[in-house]
């Protein structure tokens, strides 16, 4: 079996399980799928996993901080400015090697805004879904590689 077929098979099986089991754990299934894609976009392997986890979860953190400030200071009228500052930070943090995957940071921020958590637990659940999605990307890459080797 060639690597692409093996990878497609491992992803298909694992993503079916994710879609079935994720909601049972109150996880944002789309967040996990986005992190899964980010894992591959970041180059895969351990470095892609590390960059995806760090970048996507940083996006969760910055959105949480922005929404907390907007709510606490009743700054709804200037929320767009704060969001612009967050976008600036998401790019500038890429000077740190572990946070250098800018698309991951934007994906983490966007999926957090989409999920619209209402409390800290909600933000944690989005971050957990992103973490698990990235890990599943790593597992699917590993499993695909194992299947391709076995069939070769």
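What are the residues in the range 82-105 that are farther than 12 Å from residue 54 by Cα and in contact with a helix residue (DSSP H, G or I) (Cβ under 9 Å, 6 or more places away or on another chain), if any? Step through it out loud before you land on a result.
We begin by selecting, within the range 82-105, every residue farther than 12 Å from residue 54 by Cα; these are 82-89, 91-92, 95.
The answer is 82, 83, 85, 86, 87, 89, 91.
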**Prompt:** Quick check: anything in the range 22-30 under 14 Å from the mean Cα position of the chain (by Cα), modelled with pLDDT of 95 or more and closer than 14 Å to residue 105 by Cα?
**Reply:** no
**Item:** Filter result (under 17 Å from residue 138 (Cβ atoms) and without any contact (Cβ under 8 Å) to a residue 24 or more places away in the chain) within the range 14-57
**Value:** 17, 43, 47
**Request:** Quick one: residue 121 ticks every box in (1) under 25 Å from residue 30 (Cα atoms); (2) in a helix (DSSP H, G or I); (3) touching a helix residue (DSSP H, G or I) at 6+ places or on another chain (Cβ under 9 Å) except a single one, so which number is it?
**Result:** (3)
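Give the number of residues within the range 137-149 that are under 18 Å from residue 54 (Cα atoms) and surrounded by fewer than 23 Cβ atoms within 10 Å (Cβ to Cβ). Walk me through it before giving the result.
Start the filter on the range 137-149 by keeping residues that are under 18 Å from residue 54 (Cα atoms), which leaves 137-139.
With the extra rule that they be surrounded by fewer than 23 Cβ atoms within 10 Å (Cβ to Cβ), the set shrinks to 138-139.
Here the count works out to 2.
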**Request:** Kindly list the number of the only condition in (1) under 17 Å from the mean Cα position of the chain (by Cα); (2) at pLDDT 95 or above; (3) in a helix (DSSP H, G or I) that fails for residue 114.
**Result:** (2)
**Asked** How about the range 23-55: which of its residues are in contact with a helix residue (DSSP H, G or I) (Cβ under 8 Å, 6 or more places away or on another chain), in a helix (DSSP H, G or I) and more than 19 Å from residue 98 (Cα to Cα)?
**Response** 23, 29, 30, 31, 32, 33
**Message:** Any residue at all in the range 85-106 that's under 19 Å from the mean Cα position of the chain (by Cα), at positive phi and part of a helix (DSSP H, G or I)?
**Reply:** no
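The values are calculated or read from the model by the stated rules, or taken from the named source; none is laboratory data. This is a predicted model, so every value here is computed, not measured. Neighbour counts are summed over all protein chains in view; Cβ atoms, including those assigned to glycine, are modelled from backbone coordinates with ideal geometry.
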